[in-house]
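Got a structure here, written out as structure tokens. Questions coming.
The values are calculated or read from the model by the stated rules, or taken from the named source; none is laboratory data. Just so it is clear, the model here is predicted, and its values are computed rather than measured. Cβ sites come from the backbone with ideal geometry, for glycine too, and all protein chains shown count toward neighbours. Note: areas computed on protein heavy atoms with side chains; ligands, DNA, RNA excluded. Shrake-Rupley method; radii C 1.70, N 1.55, O 1.52, S 1.80 Å.
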Amino acid sequence: MASSHAATDDAAPADTTARRVVVLGDSLTAGLGLPPKQAYPTLLQERINDEGFKYSIVNAGVSGDTSAGGLARLDWALDGDVRVLIVALGGNDGLRGLPTTQLTQNLSRIIERAQARGIRVILAGMEAPPNYGFDYAASFHRVYPALAKKYRTGLVPFLLEGVGGIAALNQPDGIHPTADGARIVANNVWTVLKPLLEAESQQIARGRAVSQ
């Protein structure tokens with residue numbers, strides 16, 4: 001089932017006119033099998049609020065989406081005052097064994113189009129399942145750090161680090177995190193997102209000081 005929604009009232013942004021952080025992803029981002037308040041984008045909003053940042057998380061996760069699907073709806077996802085785009089796509093590409101060349105092309109276009117608008121990008125890495133063989137898994141793995149280096153984006157090396165393959169942190173399907181797993185995923189992303197928000201907030205503050 002498709003799901004795309006802004007952060008819920010459980011972690012409402014401090015300012016409804018705040019700058020936006022969009023999380024473009026699939027069912028892992030949408031929070032499949034969890035209440036919206038337990039999806040990792042909502043947990044990121046809680047951290048943003050706690051730190052006093054004036055940003056609003058937009059959960060642009062759609063279950064079943066591939067990197068091509070994310071690219072197709074990018075213009076909608078980037079509507080409004082988007083300052084940061086977290087790209088958390090590729091899991092379904094890997095599950096379907098889609099060519100890594102396609103993954104690279106789709107993610108490249110997403111990054112290029114976001115950066116052309118002056119949006120900072122964080123790329124969240126994924127891993128392919130082992131059933132397509134070592135060569136495919138290795139090729140898939142290399143896509144994310146290579147793109148992060150090429151485009152100078154932030155990089156979460158593996159979105160599901162500390163969660164993937166751990167039964168207690170995943171729902172019965174073995175793919176989607178439990179509430180505890182989602183908290184770890186949020187921590188993985190926050191490690192990269194927080195310094196970026198700090199840097200941008202300082203840049204905005206300097207700009208205001210110069211204009212006064």
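How many of the residues in the range 164-183 are in contact (Cβ under 8 Å) with a residue 40 or more places away in the chain, more than 27 Å from ASN106 (Cα to Cα) and either among the β-branched types (Val, Ile, Thr) or outside any loop (DSSP other than H, G, I, E, B) (or both)?
3
A follow-up question, please. Does at least one position in the range 199-206 carry a residue that is free of Cβ contacts under 8 Å to residues at least 24 places away in the same chain, of a type in the set (A, V, I, L, M) and open to solvent by less than 50 Å² (accessible area, probe 1.4 Å)?
yes
In addition: Under the condition of being aromatic (Phe, Trp, Tyr) and outside any loop (DSSP other than H, G, I, E, B), which residue from the range 117-163 is most open to solvent (accessible area, probe 1.4 Å)?
Top of the filtered list is PHE134.
Which pairs do you get when a residue that is over 25 Å from HIS176 (Cβ atoms), found in the range 120-140, comes within reach of a residue that is among the aliphatic types (A, V, I, L, M) and surrounded by 22 or more Cβ atoms within 10 Å (Cβ to Cβ), reach meaning Cβ atoms under 8 angstrom, with the pair 6+ apart or on two chains?
Taking only residues 6 or more apart or on different chains, the pairs are ARG120/LEU85.
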